[in-house]
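What follows is a short report on a single structure.
The values are calculated or read from the model by the stated rules, or taken from the named source; none is laboratory data. Note that the coordinates shown come from a computational prediction; the quantities given were computed from them, not determined experimentally. All Cβ positions, even for glycine, are placed from backbone atoms using ideal geometry, and neighbour counts span all protein chains on display.
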Amino acid sequence: TYIIAEPCVDVLDKACIEECPVDCIYEGNRMLYIHPDECVDCGACEPVCPVEAIFYEDDVPDQWKNYTSANYGFFEELGSPGGASKVGKIDKDDPFVAGQPPRGE
Ligand code: F3S
Ligand code: F3S
């Protein structure tokens, strides 16, 4: 799976959503999360993020490893909805992300 990391927090550019052929990028309050079971590893989202927040799971920089857990953890209660657009914005964040200080410009 691909993982969205810290640069997305409080940015939520959403360019990535347009590229995903399986609609597996879900919107939380402070960032977007890739569904680890629904992602087909196509790589289409990674180059379009203007802040370079998206990484293949094995390539997530060490300082952002907690975001790997956050992308998985976000879906623990949600299960596998099978498409982000029909779910819409989800009023939550992974606890690690919720605890991050605000990221301004
Ligand atoms: Fe976030 Fe980048 Fe997508 S900022 S919403 S991962 S395009
Ligand atoms: Fe979707 Fe492909 Fe990225 S399946 S999350 S666009 S790697």
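See the values below:
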read-out	value
Pair list, Cβ under 7 Å, 6 or more apart: region 1-25 residue free of Cβ contacts under 8 Å to residues at least 12 places away in the same chain and within 14 Å of Ala70 (Cβ to Cβ), other residue outside any helix (DSSP H, G or I) and near ligand 1 (Cβ under 10 Å from one of its atoms)	none
Check on Ala5, within 11 Å of ligand 1 (Cβ to nearest atom) and closer than 18 Å to Arg103 by Cβ	yes
Answer from Cys24, Cys42 - the residue that is modelled with pLDDT of 95 or more and crowded, with 17+ Cβ neighbours inside 10 Å	Cys24
Failed item in (1) crowded, with 17+ Cβ neighbours inside 10 Å; (2) near ligand 2 (Cβ under 10 Å from one of its atoms), with Ala5 passing the rest	(2)
Qualifying residue in region 71-82 (condition: surrounded by fewer than 18 Cβ atoms within 10 Å (Cβ to Cβ) and in a strand (DSSP E or B))	no
Test: residue in region 49-70 that is near ligand 2 (Cβ under 10 Å from one of its atoms) and loosely packed, with under 15 Cβ neighbours inside 10 Å	yes
Residue count for region 8-20, restricted to those that are surrounded by fewer than 17 Cβ atoms within 10 Å (Cβ to Cβ), more than 16 Å from Val87 (Cα to Cα) and within 12 Å of ligand 2 (Cβ to nearest atom)	2
